[in-house]
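Okay, structure first, notes after.
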Amino acid sequence: MTRLPSLSRRALIRSAGAVPLLALPGLLRAEEPDVSELKDITTGAAPIGREERLARIARAQALMKAAGIGAVLIEPGSSLIYFTGVRWGRSERLTAVVLPVEGEPCIVTPFFEEPSVRESLAIPAQVRVWQEDQDPLAVVAGFLKERKLAARPIGVEETVRYFAVDGLQRALPGAKIVSANPIVRGCRMIKTAPELALMQLATDVTIAAYRWTYPRIREGMTPRDIAALMSAATRKLGGSNEWNLILLGEAAAYPHGSGKPQKVVPGEVVLMDCGCSVQGYQSDVSRSFVFGTASAEQRKVWNQVARGQQIALEVAKLGTPAGAVDDAVRRYYTSLGYGPDYQLPGLSHRTGHGIGMDGHEPVNLVRGEKTPLAAGMCFSNEPGIYIPGSFGIRLEDCFHMTESGPKWFSVPPKSIDAPFD
């Protein structure tokens with residue numbers, strides 16, 4: 001597996017899938033495929049509303065009371081958007097929300113950023129500012145003292161940076177800093193009907209983009225060529241923040257690809273791992289097929305992966321530990337001679353990951369994960385098989401848990417010959 005340490009997986013994928021530029025006299029322009037036949041299918045998408053966010057805060061406060069936590073600190077990112085609607089980037093200047101166990105939240109932000117922060121604030125909340133020569137964590141501490149919460153445990157969302165945690169500890173030397181996972185995960189892991197509807201729509205966009213792209217793949221195309229088709233179709237269909245990982249031939253044997261030159265060759269595997277977002281909610285769908293005629297070995301492995309997906313779904317029952325899904329798939333693959341465990345040839349990564357506002361969210365379908373499956377949880381199901389030096393097959397469809405069991409967002413294909421039926 002080729003990795004660039006300075007780039008995240010998603011950044012690497014976006015880099016690999018960038019639209020090529022054509023040099024024209026005095027001009028650089030993006031070469032865009034003709035997608036005029038496609039139409040936006042997301043126009044009826046209902047964004048997350050005020051009442052939904054208020055219900056999330058009420059849920060968080062109930063969990064805080066149960067856990068004995070007085071407040072939760074959250075920096076910009078998907079969790080900040082989830083609770084407040086505030087869309088903001090992280091920098092050395094702290095912007096954060098404090099969710100108290102009772103009452104309105106408090107947004108802390110630089111003085112000169114307040115008007116911009118308020119633009120996306122979607123709930124009633126205090127906004128407290130700090131000047132360039134002031135300590136923003138002292139402002140956080142002041143709010144906690146006023147609310148008489150400074151002596152109670154303070155939860156920190158898991159992506160909050162160290163300087164913020166350290167600064168809060170210095171501003172409140174006696175404070176007990178704890179993980180906010182029981183609160184934030186306790187809310188975000190359980191998707192509501194409006195969230196599930198947006199995830200379904202994002203998946204519909206990705207499947208429609210696949211169906212448009214598939215018949216346009218030609219011999220000699222590079223991953224970038226295919227990604228350009230997929231991205232253009234996704235955008236026209238209404239998806240945003242689209243990403244595409246295209247692996248050709250031997251590169252498909254390495255889950256996140258290879259830096260070696262690749263092109264479409266008859267008789268070789270094309271593995272596409274693509275997704276997008278609609279109103280901030282993600283899709284993640286992978287398909288593997290052969291350009292031309294599949295060999296007996298390719299067909300056999302494809303069918304084994306398809307069965308692995310079904311085994312994962314069969315085991316995913318309410319109350320089952322998430323890790324049991326991975327265990328079941330791995331037992332099946334071991335019976336076929338793969339592995340054992342995470343060794344190759346076989347399945348070298350977890351069977352699936354949580355998904356929602358982020359492409360990867362807690363918890364994972366991985367060995368040892370004891371979190372019981374519950375209605376509203378969403379996962380990818382992608383038990384690929386990888387044969388180094390030869391090829392790999394990955395089929396990935398996401399599902400969500402309901403009171404009656406798991407339900408697909410996208411239905412897996414039935415044949416290597418019809419990957420988008």
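The values are calculated or read from the model by the stated rules, or taken from the named source; none is laboratory data. In this text the structure is predicted, and so the values were computed from the model without any measurement. Using ideal geometry, Cβ is built from the backbone for each residue, glycine included, and neighbour counts are taken over all protein chains shown. Please note that ligands, DNA and RNA were not included when accessible areas were found on the heavy atoms of the full protein model with its side chains. Shrake-Rupley method; radii C 1.70, N 1.55, O 1.52, S 1.80 Å.
List of remarks:
- In the chain, the longest principal axis of the Cα atoms and the axis of helix 136-146 are about 60 degrees apart.
- Only Cα pairs under 8 Å and 6+ residues apart enter the sum, and on that basis the relative contact order of the chain stands at 15 percent.
- Inter-label distance for Arg224 and Thr159, nm, one decimal - labels placed 7 Å from Cα along Cα-to-Cβ: 2.9
- Positive minus negative residues near Thr84 (Lys, Arg vs Asp, Glu; Cβ under 10 Å): +3
- Seen from Arg152, the other residues with C-beta closer than 14 Å to its C-beta sum to a net charge of +3, counting Lys and Arg as +1 and Asp and Glu as -1.
- The chain: angle of helix 296-315 to the longest principal axis, Cα-based, in degrees nearest 10: 30
- Helix 193-213 and the longest principal axis of the C-alpha atoms of the chain enclose an angle of approximately 30°.
- Using the average count of surrounding beta-carbon atoms within 10 Å as a protection proxy, the listed peptides 392-399, 347-354 rank, highest first, as 392-399, 347-354.
- Given the alternatives (1) 63, 62, 38; (2) 70, 60, 40; (3) 90, 51, 46, Cα extents along the principal axes in Å as computed for this entry is given by (2).
- Rolling a 1.4 angstrom probe over the chain with all protein chains present gives an accessible area of which 54% lies on carbon and sulfur atoms.
- The string of couplings for the stretch 253-261 from the Karplus curve (6.51, -1.76, 1.60, θ = phi - 60°) is 6, 10, x, 10, x, 9, x, 6, x Hz, one whole number per residue in order, with x for Gly and Pro.
- Cβ-based charge dipole, the chain, positive-most Cα from Thr222, Val411, Gln304: Gln304
- Cα gyration tensor, the stretch 60-156 - rounded (a/c under 1.5), prolate or oblate: oblate
- Amide H contacts for Thr402 (H built 1.01 Å from N in the peptide plane; partners 5 or more residues away or on another chain; cut-off under 5 Å): Gly376, Lys407.
- Highest mean first, the peptides 209-216, 278-285, 322-329 sorted by other C-beta atoms within 10 Å per residue fall in the order 278-285, 322-329, 209-216.
- Rounded to the nearest 20 debye, the dipole size of the chain about its Cα centre is 620 debye, using +1 on the Cβ of Lys and Arg and -1 on the Cβ of Asp and Glu.
- Accessible surface computed residue by residue for the chain, with neighbouring protein chains in place and a 1.4 Å probe, gives 42 Å² per residue.
- Backbone geometry of the stretch 94-103 corresponds, through the Karplus equation with coefficients 6.51, -1.76 and 1.60 at θ = phi - 60°, to 3J(HN,Hα) couplings of 6, 10, 7, 10, 10, 8, x, 5, 9, x Hz, x marking Gly and Pro.
- In order along the stretch 50-55, phi translates into HN-Hα couplings of 4, 5, 4, 5, 5, 5 Hz, rounded to whole numbers, per the Karplus curve 6.51 cos²θ - 1.76 cosθ + 1.60 with θ = phi - 60° and x for Gly and Pro.
- Accessible area in the full protein assembly, largest first, 1.4 Å probe, for Glu75, Glu403: Glu403, Glu75
- Dipole moment magnitude, nearest 20 debye, the stretch 73-127 about Cα centre, only Lys, Arg, Asp, Glu C-beta charged: 140
- Net charge, Ser286 excluded, C-beta distance under 13 Å - Lys, Arg +1, Asp, Glu -1: -3
- Each of Arg367 and Lys65 was given a label point 7 Å from its Cα along the Cα-to-Cβ line. The distance between the two points is 4.2 nm.
- Sequence-distant contacts, meaning Cα pairs under 8 Å at least 6 residues apart, place the relative contact order of the stretch 158-293 at 24 percent.
- When the Cα gyration tensor is reduced to axis lengths a ≥ b ≥ c, the ratio a/c is 1.5 or higher for the stretch 140-230, and with a/b above b/c it is classed as prolate.
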